[in-house]
Amino acid sequence: MAEPATLQFLGAAGIVTGSKYLVRHRGQQILLDCGIFQGLKELRLRNWLKPEFNPREVAAVVLSHAHIDHTGYLPLLVKQGFRGKIHCTAATEDLLEILLPDSARLQEEDAERANRDGYTKHQPAKPLFDLRDVKDALKLIDTHPFAKQFQVVGDMRATYRPVGHILGAASIDLEIGKRDPVRLVFSGDLGRYSSPILRDPEPVPEADVLLVESTYGDRLHPPDPIDELANVINAGVARGGAIIVPAFALGRTQEMLWYLRKLEDEDRIPILPVYIDSPMALEVTEIYSRHIREHNVPLTQLQAETGCAIQTRSQMMIHTVDESKMLNTIDGPMIVIAGSGMATGGRVLHHLARRLADQRTTILLPGYQAEGTRGRQLEDGLKFVKIHGRDIPVNATIHRLHGLSAHGDQGEILRWLSGFQRPPAACYVVHGEPAAAEALTRAIEAEFEWTARPAKHGEIVTIEKNPEWPS
C-alpha cells in the first residue's frame with residue numbers, strides 16, 4: 001500500500017502571516033501559497049533563513065490569492081531554483097503583476113535608505129529579491145477559471161472556488177490520487193458575506209482534510225461600519241486636521257472609497273478632498289473594472305464614463321513622489337489614503353512622520369493590524385513610533401475602524417464551514433494568532449463536533465481519507 005500524502009505547515013500556523021503549506025505525494029512536492037513573513041522582526045527574519053525544503057524539487061505552487069503574505073516569497077523561490085508552474089486565477093495574475101514588482105521596489109528602496117541613513121546592522125543592507133526575480137516568477141504563472149478542475153502535477157488536481165476577500169481570491173480543493181482520491185481543501189482567506197463590492201464566499205461540498213483560516217476567529221464584526229466611519233470623519237473635520245488612512249491598494253482602498261461616497265451622497269459627511277496617494281490603487285481599480293463577474297457592483301456602474309463608480313466626489317490621484325510630498329504642505333481637513341495598510345512601508349510613512357505629532361491629525365486604521373507592525377503600535381497606544389530611523393511622537397487621534405475587514409469573522413467562517421455536506425476527518429486551523437485560532441477551534445467543535453485543532457509551525461501530518469465515509 002502506497003504511503004499517504006503528507007502536509008507540512010511552513011507558515012501561517014500560530015501566526016497570521018507567511019502562508020505556505022508543503023504537500024508531498026509519491027515523490028512530488030507542491031506548495032499551497034508561497035507567502036512572505038511580515039510583522040515582528042523575528043518573523044521577518046524567517047524570510048532570510050534557508051527553506052525547510054529544496055525549491056528545485058517543488059513541482060508547482062497553487063496560490064489562493066494575491067496578497068503578499070500569500071505570494072511574496074515567489075520571487076525568492078524562483079531565485080533559489082524553482083522552475084515549476086505557479087497556478088492562480090486570472091484576476092490574481094493581474095494583481096501579481098502589480099503587487100510583486102511593488103514589493104521588490106519597496107525592499108530595494110528600504111535597503112537603499114537604510115544604507116544611506118545608516119540605520120542597519122547589515123553592511124550593506126540588501127533586498128530579499130529584485131525586479132529581475134519578479135519578472136522570472138511572473139513568467140511561470142498559469143491561470144485557471146473558477147469551478148474547472150486543472151492538473152497541478154502527477155495525480156494531483158485542483159479546483160478553485162471564489163471566497164470573496166479580494167479580487168481573484170479562491171479556496172483550493174486539491175484531489176490527490178487517481179483511484180478513490182483523497183481531498184485536501186484550503187479555505188484561503190475567507191471574505192465577507194453581503195460585501196458592498198465582492199460576491200459571497202462559495203461553499204465547498206466535502207474534504208477529507210481541511211485547512212481553515214482564523215484571522216478573526218475569536219470575534220464578530222460590527223454589522224455595518226458606516227456609522228462609525230461617519231463619526232470618525234466628522235470628528236476629524238472638527239479638529240481641523242488631516243485624516244490619514246493607511247490602506248492596502250488592493251481591496252481596502254476600493255471599499256473605503258465606496259463607503260465615503262455613500263456617506264457623501266447621504267449628506268452625512270462634508271465633501272472633502274480625498275487624495276489617493278498610491279499609483280498602485282489606480283491600477284488595481286482598473287483591474288476591478290475588468291473582472292466584473294466577481295462583483296456585486298452593477299455592470300452599468302463599473303462601465304461608467306470614469307471607468308469605475310468606486311470613487312468619491314472630490315477625489316484626486318497622486319502619482320509622483322513630488323506630488324506626494326506636496327500633500328504635506330496642505331493644511332486643514334482632508335483625507336489621504338496611502339499604502340501600506342499596516343504602515344510597514346510605502347508613502348504613508350512620510351505622512352505619518354509629518355503629521356503624527358499634530359494633535360489635529362486623525363489616523364484611521366481601517367483593517368487588521370498584525371503584531372509587530374507600526375499599525376499595531378499605533379492601535380496599542382504607543383507614544384512614539386520609529387519611522388526611517390527616527391522616533392516620532394504620537395499626538396494624533398488614533399482610531400481603529402472595526403467592521404471594515406476583508407476577512408470573515410467567526411460567524412462568517414462557521415457559515416462557510418456549514419456548507420460542507422460531509423465532515424472532514426481532520427480540520428487544521430491556520431492563519432491566525434493563537435487566541436483567534438483557539439477560539440475558532442472551540443467554536444468548530446461546539447458547532448459541528450468535528451475533530452479540529454490549531455496547526456503548529458513545522459509539523460507534518462498525513463492526508464488520509466475519512467474512514468467514516470463510504471467508499
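Readers should treat all values here as calculations from the given coordinates under stated rules, not as data from a laboratory. The structure presented is a predicted model; accordingly, all values stated were derived computationally and were not measured. Neighbour counts are summed over all protein chains in view; Cβ atoms, including those assigned to glycine, are modelled from backbone coordinates with ideal geometry.
For the reader, a short list of remarks on this structure follows.
- Ascending count of other beta-carbon atoms within 10 Å, so fewest first, for C34, C88: C88, C34
- Computed about its Cα centre, the charge dipole of the stretch 351-471 is approximately 740 debye, with only Lys, Arg, Asp and Glu carrying charge at their Cβ.
- Separation of alpha-carbon centers, the stretch 95-165 and the stretch 30-47, rounded to whole Å: 12
- Within the same chain, lysines fewer than 8 places from K139 are excluded, and of the rest, those with a Cα less than 30 Å from its Cα are K20, K50, K79, K85, K126, K148, K178.
- Its Cα centre serving as origin, the chain has a Cβ charge dipole (Lys and Arg +1, Asp and Glu -1) of approximately 1080 debye.
- Annotation for H388 and Q80: the two label points, set 7 Å from Cα along the Cα-Cβ direction, are 3.3 nm apart.
- Peptides 45-52, 421-428 ranked from most to least packed, by the mean per-residue count of other Cβ atoms within 10 Å: 421-428, 45-52.
- In range of the label at Y193: residues from the stretch 444-471 whose backbone nitrogen is under 20 Å from the point 7 Å along Cα→Cβ: 444-450
- Estimated inter-spin distance, E57 and W469, nm [label 7 Å along Cα→Cβ]: 2.8
- Qualifying GluC sites (Glu not before Pro) in the stretch 361-452, DSSP loop, other Cβ atoms within 10 Å at most 10: E449
- Modelled label positions at R179 and V461, each set 7 Å beyond Cα in the direction of Cβ, lie 2.8 nm from each other.
- Of M280, M156, the sequence from fewest to most neighbouring Cβ atoms within 10 angstrom is M280, M156.
- Potential lengthening between E286 and T451 on full extension [0.36 nm per residue; Cα-Cα distance subtracted]: 55.1 nm
- Residues of the stretch 375-395 with amide N under 11 Å of the 7 Å Cα→Cβ point at A353: 387-392
- Total formal charge among the other residues, if their Cβ is under 13 angstrom from that of G191, Lys/Arg +1 and Asp/Glu -1: -3
- Positive-end residue of I15, Y275, G458, charge dipole of the chain with Cβ unit charges: G458
- Farthest towards the positive end of the charge dipole of the stretch 348-471, among the residues F384, A436, A370, is the Cα of F384, using unit charges on the Cβ of Lys, Arg, Asp and Glu.
- Size descriptor for the chain, Kirkwood hydrodynamic radius: 22.8 Å (Cα pairs only, one decimal).
- Antiparallel content of DSSP bridges confined to the stretch 350-471, in %, to 5: 35
- Relative contact order (%) - the chain, alpha-carbon pairs under 8 angstrom, separation at least six: 20
- Rounded to the nearest 5, the antiparallel percentage of DSSP beta bridges internal to the stretch 226-400 is 20%.
- Exposure proxy order (Cβ contacts within 10 Å, fewest to most) of L96, L131: L131, L96
- The angle between the Cα long axis of helix 90-117 and the main principal axis of the chain comes to about 60°, on a 0 to 90 degree scale.
- The chain - mean residue ellipticity at 222 nm from DSSP helices (-39,500 (n - 2.57) per run, n ≥ 4, rounded to 500): -8500 deg cm²/dmol
- The stretch 418-471: mean projected area of Cα convex hull, nm²: 4.4
- Looking at the chain alone, DSSP beta bridges between its own residues are antiparallel in about 45 percent of cases.
- Shape index of the stretch 226-400: Rg/Rh, with Rg the Cα radius of gyration and Rh the Kirkwood radius from the inverse mean 1/r over Cα pairs, equals 0.96.
- Contact order for the stretch 226-400, expressed relative to its length and based on alpha carbon pairs under 8 Å spaced 6+ residues apart, stands at 31 percent.
- 25 Å tail of the calculated P(r), the stretch 313-471, as % of Cα pairs: 50
- When each of the peptides 352-358, 74-80, 183-189, 317-323 is scored by how many other beta carbons lie within 10 Å of its residues on average, the order from highest to lowest is 183-189, 74-80, 352-358, 317-323.
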